[in-house]
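The values are calculated or read from the model by the stated rules, or taken from the named source; none is laboratory data. Because the structure is a prediction, the values reported are computed rather than measured. For neighbour counting, all protein chains shown are included, and Cβ atoms are generated from backbone atoms with ideal geometry for every residue, glycine included.
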Amino acid sequence: MLQDMTDKLVETGRRYGMEMNVEKIEVMRISRQPFPIKIIIDQNQLENVEYFKYLGSMLPNDYRYTYEIKSRIVMAKAACNKKRAIFTSTLDLKLRKKLTKCYIWSIALYGAETWTLRAVDQKHLGSSDVWCWRRMEKINWTDHVRNEEVLLRVKEQRNILHETSKRKANWIGYILH
């Protein structure tokens, strides 16, 4: 069925003078058991991929978003380090927290509405949350300060998972409305 649809697309494109560049086309089957898809255009089989980048997000073929979550955390940490002077400055703590939630969390949680979070993913997100607060308060991991103490110092709770759930609920409400 998918091969038939692809053949019709190629045929329609050719009627209008367009050709498909087979070297640039990739296919991905999204399933818990990702078997390769066999689609052929002009005697060339299209490449099957495990991840597909779409609108800045890496979509996996097995519904596991661990790779995407880790890459988002890396981007957020890089942004935090890039603006370290602001986040560790003498600005009011409330303002620095708002900046963190606006600037860093928006990077970390881009596309979170669609993520399927497993326990390991929740752990990664939760630790990145505390990592930001540690950077803000200039607390090194060698200082042996417990996460709970860090959260008390910045007058915060572990909110990044709650924010993820809130975004999912808003997104579902938007979709169903």
Residue count, the range 58-107 (criterion: closer than 30 Å to V27 by Cβ and out of contact with any Asp or Glu (no Cβ under 6 Å at 6 or more places or on another chain)): 15
Flag if V145 is in contact (Cβ under 8 Å) with a residue 24 or more places away in the chain and either in contact with a Phe, Trp or Tyr (Cβ under 7 Å, 6 or more places away or on another chain) or surrounded by fewer than 16 Cβ atoms within 10 Å (Cβ to Cβ) (or both): no
Answer yes if at least one residue in the range 44-66 is among the hydroxyl-bearing types (S, T, Y) and over 30 Å from D7 (Cβ atoms), and no otherwise. yes
So S128, is it in a helix (DSSP H, G or I), closer than 15 Å to H162 by Cβ, of a type in the set (S, T, Y) and modelled with pLDDT of 90 or more: yes
Residues to consider are K98, K155; find the one that is of a type in the set (D, E, K, R) and surrounded by 11 or more Cβ atoms within 10 Å (Cβ to Cβ). K98
Of the numbered conditions (1) surrounded by fewer than 16 Cβ atoms within 10 Å (Cβ to Cβ); (2) touching a strand residue (DSSP E or B) at 6+ places or on another chain (Cβ under 9 Å); (3) not β-branched (V, I, T), M58 fails exactly one; give the number of that condition. (1)
Among the residues of the range 91-125, write down those that are outside any loop (DSSP other than H, G, I, E, B) and polar (S, T, N, Q). T100, S106, T114, Q122
Tell me whether the range 107-121 contains one or more residues that are modelled with pLDDT of 90 or more, touching a strand residue (DSSP E or B) at 6+ places or on another chain (Cβ under 9 Å) and under 20 Å from I73 (Cβ atoms). yes
State which residue is farthest from K101 (Cα to Cα) when the search covers only the range 67-90 and only residues that are assigned to a helix (DSSP H, G or I) and more than 21 Å from the chain's Cα centre (by Cα). A85
